[in-house]
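Input: a single structure, listed below in structure tokens.
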Amino acid sequence: MSSSIHHLKPDPNPLTRIFFFVLLSTLVMIADARFDAFPEVRRVVATVIFPLQKVASFPFTLQEKVEQSIADFKRIEEIDELRRKHLNSRYDFFRLRALASENERLRALLGATKHTDIQTILAEVLYMPRDPFSRKVTADKGTLNGIKAGQVVMDELGVIGQITQVYPWTSEITLITDKNHLVPVQIQRNSLRTVISGTGRNGELELRFLSISTDIRQGDLLVTSGIGGVYPPGLPVGQVTHIEYDRSHKFARIICTPVAGVDRHKQVLVLTGSSPLVPEVPDNSEIHASQTKQKIQDQEAL
């Protein structure tokens with residue numbers, strides 16, 4: 001029988017192997033760091049392990065994106081809440097300013113007839129009709145409140161119009177700017193009597209059939225004359241703003257502006273009883289100041 005003897009080298013100790021590879025790695029890193037010995041190897045390794053790095057970092061990247069999305073969502077909620085609070089604050093501001101303006105007008109309304117014994121009813125304008133050629137508004141007082149057709153309507157500055165239709169709970173006011181509405185007036189400066197009419201346009205009245213020789217000036221104040229018994233005498237109606245003279249015509253074209261806030265005010269006074277006393281009429285400077293103040297308030301509200 002023949003036998004063969006194989007001499008096998010024993011495997012190195014595991015610790016020896018670890019020590020060898022650690023030493024080799026250290027030497028390679030030192031050589032690469034100091035002498036840039038393996039740039040190509042580094043690039044190849046980086047290229048190979050890049051997908052593994054992306055896969056390994058995906059959970060952390062996903063977590064960061066989720067946390068960022070949650071933070072962004074919370075910020076959006078905070079921004080929406082701040083915007084809502086801001087809008088509420090602006091609403092409160094406008095509401096308080098409107099209430100302050102309304103209170104000021106109400107005080108002026110209550111003081112408009114304090115020097116007379118005229119009985120009045122405070123009414124609120126509800127809406128205007130859709131007809132653009134009709135200058136009428138609807139108020140929240142009717143026959144159940146003592147309102148009657150023909151009664152005069154005014155604000156703290158002057159005449160607004162007249163009650164023309166009455167219903168149980170509401171009434172219709174024809175404004176003095178309505179083209180079919182006439183008001184007997186007189187020029188306060190010289191007591192010249194005439195009739196003023198609406199033109200159908202906002203903020204415009206007209207004096208008709210006055211000759212070019214009539215003593216009338218720009219800035220003259222027109223007040224109710226009391227002729228006809230409908231309008232108490234002395235209530236401010238309009239102010240002359242424009243006069244056109246054409247020698248080829250017998251009559252001058254005279255345009256006036258209503259003294260009262262015909263298309264602006266929410267609250268008005270309905271005169272339910274006449275008085276022999278003539279109410280105090282503000283002078284032109286007071287009327288101009290009140291109109292200027294009202295225009296400024298309207299522009300601020302817009």
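Of the listed requirements (1) of a type in the set (D, E, K, R); (2) exposed (fewer than 15 other Cβ atoms within 10 Å of the Cβ); (3) under 30 Å from SER248 (Cβ atoms), GLU204 misses just one: (2).
The condition of being farther than 20 Å from LEU157 by Cβ, part of a loop (DSSP other than H, G, I, E, B) and of a type in the set (Ser, Thr, Tyr) does not hold for THR194.
Quick one: would you say ILE160 is more than 26 Å from the chain's Cα centre (by Cα), outside any loop (DSSP other than H, G, I, E, B) and of a type in the set (A, V, I, L, M, F, W, C)? Spelling it out, it is not the case that ILE160 is more than 26 Å from the chain's Cα centre (by Cα), outside any loop (DSSP other than H, G, I, E, B) and of a type in the set (A, V, I, L, M, F, W, C).
Across the range 243-263, the qualifying residues are those that are surrounded by fewer than 18 Cβ atoms within 10 Å (Cβ to Cβ), closer than 29 Å to SER101 by Cβ and of a type outside the set (S, T, N, Q), and the one among them that is modelled with the lowest pLDDT is ASP263. Among residues that are farther than 17 Å from VAL137 by Cα, at pLDDT below 95 and either touching a Leu at 6+ places or on another chain (Cβ under 6 Å) or basic (Lys, Arg) (or both), ARG193 is included.
Applying the criterion of being in a loop (DSSP other than H, G, I, E, B) and of a type in the set (Ser, Thr, Tyr) to the residues of the range 211-244, the residue that is farthest from ILE160 (Cα to Cα) is SER213.
Confirm whether ILE243 is over 29 Å from LEU122 (Cβ atoms) and touching a residue at least 40 places away in the same chain (Cβ under 8 Å). Let's see the steps before the verdict.
Values: over 29 Å from LEU122 (Cβ atoms): yes; touching a residue at least 40 places away in the same chain (Cβ under 8 Å): no.
It is false that ILE243 is over 29 Å from LEU122 (Cβ atoms) and touching a residue at least 40 places away in the same chain (Cβ under 8 Å).
The values are calculated or read from the model by the stated rules, or taken from the named source; none is laboratory data. The model shown is predicted, which means the values in this text are computed figures rather than measured ones. So basically every Cβ, Gly included, is an ideal-geometry build from the backbone, and we count neighbours across all protein chains shown.
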